[in-house]
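Structure, as structure tokens:
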Amino acid sequence: MELSFIKRLNWLLTGLVSVLMLVSLVVQTSHFNTLFRPQAEPELARKAEVVGSYIVAQIDRAVSLGFEVEKLTGVDEILADALAVNPDVNYIALMVGDRITAFAGAADARLGDVLAARDADGAVAGRYIDAGLTVGSGGVPAVLHVGVPAGSVESALNDMVFDLGSVLIVAILLNIEILLLVVGTSVTAPLQRVGDVLHEGAEGRLNMRTGLRGRDEVGHLGRAIDAALDGLRRMDETAPRLHGDTAEAPVAGDRITSMQRISELRFAIFIFALAEELTRTFLSVYIKDLFEPVPGLSKELVIGAPIALFMLLWAVAQPVAGNMSERRGRRAVFLVGAGLSALGLLGSGLATDLVQLIVARCLTAVGYASVFIAAQGFVIDATGPRRRAGAIALYAGGILTAGVCGPAIGGVVADQIGFRMTFVVSAALALAAAFMAWRVLPRHAGGGKVLTRGLRLRDVGVCLTNPRFVALTVFSAVPAKFGLTALLFFLLPLALDDSGVSQSWIGRVLLLYWLMMIVVSPLVAHLSDRSGRRTPFLAIGGVIAAGAAYVLSVSATLPLTITGVALLGLAHALVNSPQMALLAESCVRERSTLGETTVIGMFRLIERLGSVVAPFLAGLFLAHYGYHGAMKGIGIVLAACVAVQLLLLAVSGGRPSADLSQADLPQADLPQKDPA
Amino acid sequence: MTSVTRRSLLLGTAGALLAAGPAAAAATGAPSGAAVPGPAAPGRGGKPANIIVLTPRKDVGDVLGFRDLLESMGMQAKIDVREVQQASAVAGMLPDIRAAKPDLVLTVFTPLTLAAVGRYDEADPSKFLTDIPVVFTSVTDPVASRIVRSLEQPGRAVTGTRHIAPVSVQLKTMLAYRRWKKIAAVYNPAEENMVVAVRDLKEEAARQGVEFIDGAIPRDGAGRPNPAAIPDIIREVAQAGAELVYIGPDTLVASNNSQAVADAALANNIATFCSTELPIRRSGLLMGLVSPAINVGRFAGLKAYDILTGARPAAAIPVETLNRFSLLLRINTAKRLDLYPPMRLLNIAEIVKDA
């Protein structure tokens, strides 16, 4: 579909929204500094005093019973207790005379036996506002020090800026989604129809009509053209008809409505993918909350089980659902799938133990597989080979966009209404998507279409004897999915949550991955196609992915985490398109004997095994080596895969002669992004 | 130090705060006021209930609590309290007790209870009370002492209350004070309930990795345990490395000689822990995790109320312990031993001060 009109409109609106957002950001910031800060800082100091006075009362009681304040035991414990229930207090220290006798909290606030030096503003260690409370009466002078973060006002401000920043990105992407829907269905598609009708008319076939009945300008134009054509036709009543006849009109019409349907379907798919993406930031944390011990299995391994099972069922259900959708119709399978997913999401939110959650997740997985394969099937049914790649790209774009928007929105939503309610929101979204699909998708199957033959074990054998296929699938695609699931879906949310990072922040971090994919992937596809080189992209991407795992393993601080996630996004953007191109080029023989769909189906199936294995292996690593060790371990696995892949490609000889005319075919494939 | 659960200790404070009257009974989790008195039930409307109490001393908290509960429930009762110093004297009192035709007998502590009702498997009607419902109070381990067959189903018209916290909770409390490496139990081996209690403590100590020293009191020439040996035993266990002396619900050691234990422990600079209330209040012991006797007595009163009103037969009323305990701390002993209590314990403890 020609999108230039939409593009222009989009840039205009995006620019406008960005400017408005930035202005509001600046206004908010200045308001924050002039109005809020003078009130906030004394409030923080008061909070420190309240926490402190509670402890002072306990120590005072002990002193009044006749205990000497410097000999009290277990003060560290009550300080730690108080810190545990007041997470916004950084440290509490009891100083008797001029030395610390008990301390709990941030280590950098302490310098041996005394508090760290104060800066010009009186902040301890340059970071903490310190409130001192006198303990006991007379005797040895004792003071309880309570520290709250001096920068908490700034960090709250920063938080807001980042929140608005992610809202900006999400808004822009949502903008595009809605524009594509509105303009695509009510402007672009009708205009194409008008163009087609006029084109026919120009060639003398006057029996085609635009059939546009809308009450807007486009409808007006359509009716005017129809009327003009009617007039022409009456004048030309006796003229002999050319070879064209009425049979052609509905065909062209169908094509146009199907393009319209695809842009509507894109929106439905976007909403549907969003449902799952909303839960992305907290799913592994939620599983951990529901955890109950299973004899003989480590905690980390059990936590990995629901994610792994989800991936496994996803992989297994996809071919089955695909087959089913060819027999029973795309719409039926889509609706059943969306219904199952909604049920599964609702069940996940209501689950009271791990078993219930696993069952719910399995339902969701089957639903997801059904919806995506049915939607893809519809796009393939509805498009000719010439427009198929573009249509698939259009449809898959919705999934990618959901990947960016989902975690960012989901994190904020989860922070506000909790994990369980977010699941309920997701279930509602899945139902909304089902409703849209119910209106968009045709009731009946294409009919008479030759059924794609299913995957057979022997086919796998055929493919696995091709070392290039093995190198590409097992040692490039599988590690990519493995890394994505293990790092981004499993370990990172757990690790960040453990170190106290808010759900909103986790959402922002995950958003970065998809943003890299969206921005870099097309560039890489372009570069790779122009140079005709694939292996260097795969190798560099693989190495960067391993590097990303290493960066993530170094520490759980936000700057490093952000770098690591961005690197992972870059790495996967690098391997994504070249993988598909290389698959087409490496498996010429297999494609001709087994068929394009079968080879790609097999590639996708094997690739998903990476996602299935990931939670288990990551859980195993986690149980033995902790978060950092686990991420490092995953980096090592990824690096090893790159090495084996390069070795296999080198051994199997140079670049095979590729049928470049077919190089665009693999694009007519599943969306590049696995929404699971 | 961290092994103690704060929850269990916090529950202790709650127990110390138990209000008087039916509220206290309700807090034990036992059904209260559920009974609908039958027309023939004594104590209401008609003639007052006739109750005989057998106790070593008239002023024990159990008796006060028992009386208090029945009064607060509005039961008319004639409570005849009889002081019995020696358990062996009970047998001679039986004809007199029978002649008084009491509706119920209350027995205080293990020895008097055992003397009054005998063992369930050899209850000779000529030697023991078998035809009158008996409620006991502050009995350490009625199953080990074979007073009842099981706690849930006494199996005969004998039921009552226990007053000792589970041994694991007691040990946790001791270890919350300090992570002692060696503890000793000083006890009278002639008291059967003590043998059971010490055996349980020894097993629990082994589980917690605490070394246990047995400080049984030796018998004198006549074969009777000699309380005069207590200071020597405490010196010996201290020399063997014990950091804390435990005394249990022991009549000889805890009830009658607790001051000797406290003095000897102070002299040898070791801590003391007691599982019953009075010894801590009366002598300079360091600490204890206890059921306040008055609450145990109230709980027994509630069981008596159910029996007297005919709500439930005694044989069907389970033997229970209060599930909340008080942590008692004697501040001056802590100071003299230079063993400051950890702040967490201090915050929840009931402080016992020297008079």
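Observations, loosely collected:
- Only a single item in (1) in contact with a Leu (Cβ under 9 Å, 6 or more places away or on another chain); (2) at pLDDT below 75; (3) hydrophobic (A, V, I, L, M, F, W, C); (4) surrounded by fewer than 17 Cβ atoms within 10 Å (Cβ to Cβ) is not met by A:LEU232, and it is number (2).
- Test: residue in the range A:434-442 that is of a type in the set (Phe, Trp, Tyr), surrounded by fewer than 21 Cβ atoms within 10 Å (Cβ to Cβ) and either at pLDDT 80 or above or not assigned by TED's automatic domain parsing to the domain that holds A:ILE269 (or both): yes
- Candidate set: the range A:188-214, residues that are under 39 Å from the mean Cα position of the chain (by Cα) and part of a loop (DSSP other than H, G, I, E, B); chosen: the one farthest from A:ALA224 (Cα to Cα): A:GLY214
- If you go through the range A:84-99 and keep only what is among the aliphatic types (A, V, I, L, M) and away from every other protein chain (no Cβ under 14 Å), you end up with A:VAL89, A:ALA93, A:MET95.
- Checked against the criterion of being touching a Phe, Trp or Tyr at 6+ places or on another chain (Cβ under 6 Å) and in a strand (DSSP E or B), the candidates A:ALA104, A:ALA93 yield just one match: A:ALA93.
- Residue within the range B:298-314 that is over 25 Å from A:LYS71 (Cβ atoms) and either within 14 Å of chain A (Cβ to nearest Cβ) or touching a Phe, Trp or Tyr at 6+ places or on another chain (Cβ under 6 Å) (or both) present: yes
So that you can scan it fast, the table gives a plain yes or no per residue for (1) more than 24 Å from B:SER138 (Cα to Cα); (2) without any contact (Cβ under 8 Å) to a residue 12 or more places away in the chain; (3) buried (at least 19 other Cβ atoms within 10 Å of the Cβ):
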position	(1), (2), (3)
B:ALA176	yes, no, yes
B:ASN188	no, no, yes
B:VAL195	no, yes, no
B:ARG199	no, yes, no
B:ASP214	yes, no, no
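- Residue match in the range A:204-218 (condition: under 30 Å from A:GLN28 (Cα atoms) and touching a Gly at 6+ places or on another chain (Cβ under 8 Å)): no
- Residue in the range B:315-323 that is away from chain A (no Cβ under 14 Å), in a helix (DSSP H, G or I) and over 13 Å from the mean Cα position of the chain (by Cα) present: yes
- Residue ID - nearest to the chain's Cα centre (by Cα), chosen from residues in the range A:394-412 that are closer than 14 Å to A:GLY184 by Cβ and modelled with pLDDT under 80: A:GLY397
- Of A:SER30, A:SER24, A:SER64, all but one fail to be at pLDDT below 90, within 14 Å of chain B (Cβ to nearest Cβ) and surrounded by fewer than 16 Cβ atoms within 10 Å (Cβ to Cβ); the exception is A:SER64.
- The residue of the range B:331-351 that is nearest to B:ALA238 (Cα to Cα), among those that are in a helix (DSSP H, G or I) and facing chain A (nearest Cβ under 7 Å), is B:LYS335.
- Residues located in the range A:107-119, provided they are outside any loop (DSSP other than H, G, I, E, B) and either among the charged types (D, E, K, R) or within 14 Å of chain B (Cβ to nearest Cβ) (or both): A:ASP108, A:ARG110, A:ARG118
- Within the range A:67-83, being more than 7 Å from chain B (Cβ to nearest Cβ) and of a type in the set (D, E, K, R) holds for A:GLU68, A:GLU70, A:ASP76, A:ASP81.
- Any hit, the range A:460-481, residues being over 29 Å from A:ALA317 (Cβ atoms), part of a helix (DSSP H, G or I), of a type in the set (S, T, N, Q) and in the same structural domain as A:ALA571 (by TED's automatic domain parsing): no
- Qualifying position, being buried (at least 23 other Cβ atoms within 10 Å of the Cβ) and either modelled with pLDDT under 85 or under 22 Å from A:PHE270 (Cβ atoms) (or both), among A:ALA480, A:ALA430, A:ALA486: A:ALA430
- B:ALA260, sole failed condition from (1) crowded, with 24+ Cβ neighbours inside 10 Å; (2) in a helix (DSSP H, G or I); (3) among the aliphatic types (A, V, I, L, M): (1)
- Filter result for A:SER502 (among the small types (Gly, Ala, Ser), surrounded by fewer than 24 Cβ atoms within 10 Å (Cβ to Cβ) and over 30 Å from A:VAL588 (Cβ atoms)): yes
The values are calculated or read from the model by the stated rules, or taken from the named source; none is laboratory data. Being a predicted model, the structure only gives us computed values, none of them experimental. Note that we place each Cβ from the backbone using ideal geometry, even for glycine, and neighbour counts take in every protein chain shown.
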